[in-house]
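Undergrad: Before anything else, here's the structure in question.
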Amino acid sequence: MKTIFHVDANSAYLSWTAAAMLERGYPMDIREIPAVVSGDPLNRHGIILAKSIPAKKYGVATGQSLFEARQKCPNLVVFPPDYDLYMRCSNAMYQLLLEYSPLVERYSIDECFLDYSASQCKFGDPLAVADEIKSRIKDELGFTVNIGISCNKILAKMGSELKKPDRIHTLWPNEMATKMWPLPVGELFMVGRATAHKLQKINISTIGQLASADPNHMKALLKSPGIAVWEFANGIDEAPVTLNRDIIQKGVGNSTTISHDVTDRTEALMILLALTERVSMRLRRLGCMASLVAVSIKTNGFVRYSHQLKLPESINTTTEIYEYIRLLFDQSWKGEPIRHLGVHVSDFQESDVRQCSLFDRADTERLQALDKAVDRIRDKYGTRSIIRGRFVNGYVNPVQGGTNDSDFIMMGGYRQ
Amino acid sequence: MKILAKPIEAAVWFKSNEKPHPVKFRYIDLEGQVQYVNVDNIIDIKETKMAGIKAFVYRCQSDISGTLMVYELKYLVNECRWELYKM
């Protein structure tokens, strides 16, 4: 049987900010007062990214607007996000974990899976080692973590979600009935608000009730995720801990919330071009070509729609992708003020060797050579060292989407 | 000792195979006076990674205005700068 650890930083953004501020001589620990990390409300990024435990007691929740949070807790202290700091803290945690096993998967910026099975003969009892890891992170890096220990990823993850902060929990299959099954079904990984609501309708309100349900019934109700969710409820998960470089990425997308409502087509297209620059750069870095292109639009009334196109060929040049994006945007936009725009590509062909066709553009090779040169310049001198002429002297950021020039780790992998 | 984390100007001796060795530094004290301090004795050096920030913390002892004091200097590796960390 395998031994898997799931290491999860407690209120990551907030405790990393707290640790850095204490190091700079800030007179108090912001984890002990009602405090939040939030984006700038003036740019319409004012949502709560992380909250302290005292702030949680006032009903402040991640994802709420800052305005809402301030109404619930008038003496709330607000700090801006610092993604460089978060990257440093996450890297330091990852490096520390690598001392215990070569198999560490960075699941997101604040979560790692560690396969301890082979390390056990060197380091010994998993519980004692988890305790050592937890104490070392606290003493050396200045923040607390929860560690879940079990025989697979899902149970380890569910284990680390039990009581917080600064705890270690085991959740072996024989402990599921007492530790996991009494929890509300919404606590289970992959069960969001919509799924929980559907399950509630058929009187499934705990994870245990879901585990004892009929898997075929779940499939009929929830379609293909139904089986996965039922397996998770029963602690079944065959997925191994995979190094991030071995994870196959199926799509690349970036989006941005604009600081004002965009009503002008030219401006919207410039933002889409800036997003395409980022997406196509990432696509080329993966060494892939895409044959499905999609645009998503969110209006000022928070109505969201998207439009996609399957291409007969695979492409990866910025200019070609943008041409399809422009076409999709013109076909789908109904003229409403736009709040949020997104560009997404998928259906990858895993090589940048291109299939020629009779209907190819004449300048494809030139475009590929141009993108290659631009990518090299940007890698060496920074993303904004070379920009398209149409962005010169304008106020639209020439490359948009992602944080810290897209080196920031979010769910599902990043450049390593 | 209290955390001050004040950036300082320091004269440092970079030895061939050892960690940098602070020789003297100056800082502005609470009364706004510039203080010049010679680092008389380095008690110990610790590597830290608090909040992922790699640094070396030097526990030092000096005669400051006639009083023998223990304080800590910090060398922030990524930023290549010195701080009067604790006093």
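Only the coordinates and a few stated rules stand behind these numbers; no lab work does. Values in this document were obtained by computation on a predicted structure and should not be read as measured data. FYI the Cβ positions are ideal-geometry reconstructions off the backbone, even for glycines, and counts take in every protein chain you see.
Undergrad: Going through segment A:276-353, which trypsin sites (Lys or Arg not before Pro) have at most 14 other Cβ atoms within 10 Å and a DSSP loop state?
TA: A:LYS334
Undergrad: Quick check: net charge around A:ILE53, other residues with Cβ under 14 Å of its Cβ, Lys/Arg +1 and Asp/Glu -1?
TA: Summing Lys and Arg as +1 and Asp and Glu as -1 gives +4.
Undergrad: Give me a single rounded figure for B:51-60: the average over its residues of other chain Cβ atoms within 10 Å of their Cβ.
TA: 5
Undergrad: Okay, moving on. DSSP beta bridges in chain A, what fraction antiparallel, as a percent rounded to 5?
TA: Details: 46 of 52 bridges.
Here the antiparallel bridges make up roughly 90 percent for chain A.
Undergrad: Moving to a separate point now. If the convex hull of the alpha-carbon atoms of the protein assembly as shown is projected onto planes in all directions, what is the mean projected area in square nanometres? It would help to have the intermediate numbers written out before the result.
TA: Values: hull surface 122.7 nm².
Value for the protein assembly as shown: 30.7 nm².
Undergrad: Do any trypsin sites (Lys or Arg not before Pro) in segment A:39-145 lie in a loop, going by DSSP, with at most 16 other beta-carbon atoms within 10 Å of their beta carbon, and if so which? Write down the numbers at each step before the final one.
TA: Numbers: sites: A:ARG44, A:LYS51, A:LYS56, A:LYS57, A:ARG70, A:LYS72, A:ARG88, A:ARG106, A:LYS122, A:LYS134, A:ARG136, A:LYS138; in loops: A:ARG44.
Loop-located and lightly packed - A:ARG44.
Undergrad: According to the square roots a ≥ b ≥ c of the eigenvalues of the Cα gyration tensor, what is the shape class of segment A:119-207, taking rounded for a/c under 1.5, prolate for a/b larger than b/c otherwise, and oblate for the remainder? Kindly include the intermediate steps, with their values, before the conclusion.
TA: Numbers: a/c = 3.23, a/b = 1.99, b/c = 1.63.
Note, shape of segment A:119-207 comes out prolate.
Undergrad: Could you work out the relative contact order of segment B:3-86, using alpha carbon pairs under 8 angstrom and six or more residues apart, expressed as a whole percent? Could you put the intermediate results ahead of the total?
TA: Working: 172 pairs, mean separation 21.9, N = 84.
Normalised by residue count, the contact order of segment B:3-86 is 26 percent.
Undergrad: Return one quarter of the surface area of the convex hull spanned by the alpha-carbon atoms of segment A:248-406, equal to its mean projected area, in nm².
TA: Taking a quarter of the hull surface, the average projection is 9.5 nm².
Undergrad: While we're looking at this one, here's another question. By the scheme Lys and Arg +1, Asp and Glu -1, what is the net charge of all other residues having a beta-carbon under 15 Å from that of A:LEU272?
TA: +1
Undergrad: Find, to one decimal place in angstroms, the Kirkwood hydrodynamic radius of segment A:183-233, where the mean of 1/r is taken over every pair of different Cα atoms and then inverted. Numbers along the way, then the final one.
TA: On the way: mean 1/r = 0.0975 Å⁻¹.
One decimal place: 10.3 Å for the Kirkwood radius.
Undergrad: Quick one: Kirkwood hydrodynamic radius for segment A:1-180, alpha-carbon pairs, angstrom, one decimal?
TA: After inverting the mean inverse Cα-Cα distance, the result is 17.1 Å.
Undergrad: Now for a separate question. Calculate I(q)/I(0) for chain B by the Debye formula, one identical point scatterer on each C-alpha and no solvent, and give its log10 at q = 0.22 Å⁻¹ to two decimals.
TA: Log-scaled intensity ratios, in q order: -1.14.
Undergrad: With just the Cα atoms defining each centre, how far is segment A:309-362 from segment A:39-79? Give it in Å.
TA: 38
Undergrad: Can you compute the modelled spin-label distance between B:GLU18 and A:ARG167, with each label point 7 Å from Cα toward Cβ, in nm?
TA: 4.9
Undergrad: Order by neighbour count: B:TRP13, B:TRP82, A:TRP181, A:TRP230, fewest other Cβ atoms within 10 Å first, most last. Walk me through the numbers on the way to the answer.
TA: On the way: B:TRP13 10, B:TRP82 24, A:TRP181 18, A:TRP230 21.
So the residues, fewest neighbours to most, are B:TRP13, A:TRP181, A:TRP230, B:TRP82.
Undergrad: Where does chain A land at 222 nm, in deg cm²/dmol rounded to the nearest 500, when only DSSP H runs of n ≥ 4 count, each adding -39500 (n - 2.57), divided by all residues?
TA: Only helices count here, giving -11000 deg cm²/dmol.
Undergrad: Let me ask something else. Based on the Cβ-Cβ distance from A:MET190 to A:ASP264, what FRET efficiency comes out when R0 is 30 Å, to the nearest 0.05?
TA: About 0.15, to the nearest 0.05.
Undergrad: Grab the beta carbon distance between A:CYS121 and A:LEU98, set R0 = 22 Å, and tell me the FRET efficiency rounded to 0.05.
TA: So the FRET efficiency works out to roughly 0.80.
Undergrad: At a 10 Å Cβ-Cβ cut-off, how would you order A:THR383, A:THR3, fewest neighbours first? Please list the in-between numbers first.
TA: Numbers: A:THR383 17, A:THR3 22.
Ranking A:THR383, A:THR3 by Cβ neighbours within 10 Å, fewest first, gives A:THR383, A:THR3.
Undergrad: While we're looking at this one, here's another question. Enter the mean number of other protein chain beta carbons within 10 Å of the beta carbon of each residue in A:89-97, as an integer.
TA: 2
Undergrad: Below 8 Å between Cα atoms, with a sequence gap of 6+, how large is the relative contact order for chain A in percent? Write out the running numbers ahead of the final one.
TA: Values: 726 pairs, mean separation 60.3, N = 416.
Relative contact order here is 15 percent.
Undergrad: Still on this structure, I have one more. Along the positive direction of the dipole of chain A (beta-carbon charges: Lys, Arg +1; Asp, Glu -1; about the Cα centre), which of A:LEU49, A:GLY401, A:ASN300 reaches farthest?
TA: The residue sitting farthest along the positive end of the dipole is A:ASN300.
Undergrad: Suppose every K and R has +1 on its Cβ and every D and E has -1 on its Cβ; what is the size of the dipole of segment A:86-183 about the Cα centre, in Debye to the nearest 20?
TA: Using only the charged Cβ atoms, the result is roughly 200 debye.
Undergrad: Taking loop as defined by DSSP and a crowding limit of 12 other beta carbons within 10 Å, which chymotrypsin sites (Phe, Trp or Tyr not before Pro) in segment A:303-401 fit?
TA: Sites meeting the loop and neighbour criteria: A:PHE359, A:TYR395.
Undergrad: Quick one: net charge around A:LEU162, please, counting Lys, Arg +1 and Asp, Glu -1 for every other residue with C-beta under 10 Å from its C-beta.
TA: +2
Undergrad: Something else now. Just list whichever of A:LYS219/A:LYS334; A:LYS2/A:LYS51; A:LYS138/B:LYS86 have alpha carbons separated by over 31 Å in the model shown.
TA: The answer is A:LYS219/A:LYS334; A:LYS2/A:LYS51.
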